[in-house]
Amino acid sequence: MQQTRFELKYLLKESVAERVREFARGHLDLDPFAAGRPDYSYDVHSLYLDSDSLEIYWRTVNGDKNRFKLRLRYYDDRADAPVFFEIKRRMDNAILKQRAGVKRSAAPLLLRGQLPGPEDLCGDGAETMAAVQRFVRLMIELEATPRSHIRYLREAYLSDNDHLRVTMDRHILSEPQLDSTIRVKMDNPVRSFEGLVVLELKFTERFPNWFRELVRMANAMQTGAAKYVSGVGGLGSRRVGARHAEVLEEESLLSNFRPGDDLPTSVRQELGPGNKRKT
């Protein structure tokens, strides 16, 4: 498990995001993975799993305090590049992410419930195998299978100790994917949060003062911006292979979210009452 992390999300116009970039550069370093890339950004691909009844989707929509997402994350289509199997948990107020890298050739077998051999793992053998086993256990218990491929461009800034991160995600695309192929090409995707930039402020300890200053400078309000949920809302239940499960439209999801409710009391107090809108 990574360290406990808190995440705050905001939707920005591009003109505001450019000011956020300059502000963040005064406090954090550009993610080395983005060095030399156009617009300081790199591709992120995620393959999300869910049950036939879209249980993971509905847990998020309903705001369950203890929930998780199952996804594969990768960054390109190179044969030698790893694929990361991730469990992203929300435990009450905290975000915990467990991540295990495996060789690309082993990913389809793992999605069918077959554990990889030691030669298929990337990183520490014991820890990686434990993470893979936990992923497979949750996948089997939920009867989760691939549902949606999501792609976006990420601009990221981070502190030396990785306790602080500022990320801005653009051009978020979603399309159905019901098989275990690891691919980057999309055929007919839908767009989420079109014309907007998803800003995330991530921290592991206290909410830094300069985060508060950044939010005030951007005149931003915390909101919900779950990429998987938004993508499913745009695609519809049939296209993601759901049975007897309807989905909400993206506008409904955003209007029903109450910013700040999922943060610890100390952070809500630091942000002040203006962070939450009335419902």
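Assorted remarks:
- Taking the centroid of alpha carbons for each part, segment 1-67 and segment 172-223 are 4 Å apart.
- Taking max minus min of the alpha-carbon positions on each principal axis, segment 99-246 gives extents of 49, 39, 27 Å, largest first.
- Computed over the chain: relative contact order in percent, which uses C-alpha pairs under 8 Å that are six or more apart: 24 percent
- Here the simple spin-label model places points 7 Å from the Cα toward Cβ, and for residue 76 and residue 140 these points are separated by 3.5 nm.
- Loop-located trypsin sites (Lys or Arg not before Pro) across segment 158-227 with a Cβ neighbour count of 10 or fewer within 10 Å are 185, with loop assigned by DSSP.
- Length added when fully stretched, residue 183-residue 216, from 0.36 nm per residue minus Cα-Cα: 7.9 nm
- The share of accessible area on segment 63-155 that comes from carbon and sulfur is 49 percent, using a 1.4 angstrom probe.
- Heavy atoms of residue 43 accessible to a 1.4 Å probe, total area in Å² rounded to 10: 50 Å²
- Qualifying trypsin sites (Lys or Arg not before Pro) in segment 43-146, DSSP loop, other Cβ atoms within 10 Å at most 12: 65, 78, 112
- The average projected area of the chain, computed from the convex hull of its Cα atoms over all directions, is 14.3 nm².
- Amide H contacts under 5 Å for residue 172, placed H, 5+ residues apart: 192
- Relative contact order, whole percent, for segment 111-199 stands at 23, derived from Cα pairs under 8 Å and 6 or more residues apart.
- Segment 144-236: GluC sites (Glu not before Pro) in DSSP coil with no more than 14 other Cβ atoms inside 10 Å: 194, 205
- Rounded if a/c under 1.5, otherwise prolate or oblate - segment 185-224, Cα gyration tensor axes: prolate
- Spacing of the two label points (7 Å from each Cα toward its C-beta) at residue 171 and residue 89, in nm: 3.6 nm
- Remark: the residue 39-residue 25 segment gains 3.6 nm on full extension, using 0.36 nm per residue and subtracting the alpha carbon distance.
- Here the relative contact order of segment 43-197, from alpha carbon pairs under 8 Å that lie six or more residues apart, stands at 23 percent.
- Three-way shape call for segment 1-123 based on the alpha-carbon gyration tensor, with the a/c threshold at 1.5: oblate
- Couplings 3J(HN,Hα) for segment 197-208, derived from phi with the Karplus relation 6.51 cos²θ - 1.76 cosθ + 1.60 (θ = phi - 60°), are 10, 8, 9, 10, 9, 10, 8, 9, 10, 8, 6, x Hz, where x marks Gly and Pro.
- DSSP H segments from the chain that extend 24 Å or more along their own axis, Cα-based, with Kyte-Doolittle mean of 0.5 or above: 125-142
- Straight-line cross-link partners of residue 185 among the aspartates and glutamates, defined as a Cα under 12 Å from its Cα and at least 8 positions apart when in the same chain: 43, 76, 77, 175.
- Long pairs among 9/103; 103/202; 97/202; 69/227; 9/88, criterion Cα-Cα beyond 22 Å: 9/103; 103/202
- Protein heavy-atom accessible surface, 1.4 Å probe, per residue over the chain: 48 Å².
- In this structure, the amide hydrogen of residue 237, modeled 1.01 Å from its nitrogen in the peptide plane, lies closer than 5 angstrom to those of 247, counting only residues at least 5 positions away or on a different chain.
The values are calculated or read from the model by the stated rules, or taken from the named source; none is laboratory data. What you are looking at is a predicted structure, and each value in this text was computed from that prediction instead of being measured. All Cβ positions, even for glycine, are placed from backbone atoms using ideal geometry, and neighbour counts span all protein chains on display. Please note that ligands, DNA and RNA were not included when accessible areas were found on the heavy atoms of the full protein model with its side chains. Shrake-Rupley method; radii C 1.70, N 1.55, O 1.52, S 1.80 Å.
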